[in-house]
1. When a/c is below 1.5 the answer is rounded, else prolate if a/b is larger than b/c, else oblate, so apply that to the range 1-42 with a ≥ b ≥ c taken from the square roots of the Cα gyration tensor eigenvalues.
2. Mind pulling the per residue volume of the convex hull built on the Cα atoms of the chain? Å³ is fine.
3. What number, rounded to the nearest 500 deg cm²/dmol, is the helix-based mean residue ellipticity at 222 nm of the chain, given -39500 (n - 2.57) per DSSP H run of at least four residues and division by all its residues?
4. Given points 7 Å out from each Cα along the Cα-Cβ axis, report the ARG80 to ASP8 separation in nanometres with one decimal.
5. Relative contact order for the chain: what is it in percent, counting Cα pairs under 8 Å that are at least 6 residues apart?
6. Only loop residues by DSSP count here, and only those with at most 16 other Cβ atoms within 10 Å; note down the GluC sites (Glu not before Pro) in the chain that meet that.
7. For a test of the definition: using alpha carbon positions, the gyration tensor, and the 1.5 limit on a/c, classify the range 21-61 as rounded, prolate or oblate.
8. With a 10 Å Cβ neighbour count serving as the proxy for reagent exposure, in which order, fewest first, do THR28, THR50 appear?
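No lab work stands behind these numbers, since they all come straight from the coordinates. Note that the structure is predicted; figures quoted are calculated from it, not measured. Cβ coordinates were reconstructed from backbone atoms using ideal geometry, including for glycine residues, and neighbour counts include every protein chain displayed.
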Amino acid sequence: MNSPRVLDVLPQLSGRARSALRTGGIETVADLAYWNEGSLRCLKNVGPVTALEIVTAARSAGLALAPEDALRPWRLDPERWG
């Protein structure tokens, strides 16, 4: 079963947030599950406001994100996120 596309599930995201997810290669809900607010802030051009926007929208949609103490996605799967 394929994971839904994150931008289809979170259509309310601002253009900046949508662009950040695309640039970071976060295409599906399963991809987003590797990330948390701290990890999102490591993406290019993502500051605290944009990271919080993505996290808040994901939680409102019932999506699970990585816990704050989780390893960064690029440490968990360097081939995918490195």
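1. On the way: a/c = 1.93, a/b = 1.17, b/c = 1.64.
Taking the square roots of the gyration eigenvalues as a ≥ b ≥ c, the range 1-42 is oblate.
2. Values: hull volume 7.2 nm³, N = 82.
Output value, Cα hull per residue: 88 Å³.
3. Numbers: 7 runs with 42 residues, N = 82.
Counting only the DSSP helices, I get -11500 deg cm²/dmol.
4. With each label placed 7 Å out from Cα toward Cβ, I get 1.9 nm.
5. Reported as a whole number, the value is 31 percent.
6. On the way: sites: GLU27, GLU37, GLU53, GLU68, GLU79; in loops: GLU27, GLU68.
Passing sites in the chain are GLU27, GLU68.
7. On the way: a/c = 1.75, a/b = 1.09, b/c = 1.61.
Oblate is the answer for the range 21-61, as a/c is 1.5 or above yet b/c matches or exceeds a/b.
8. Working: THR28 15, THR50 20.
Starting with the residue having the fewest Cβ neighbours, the order is THR28, THR50.
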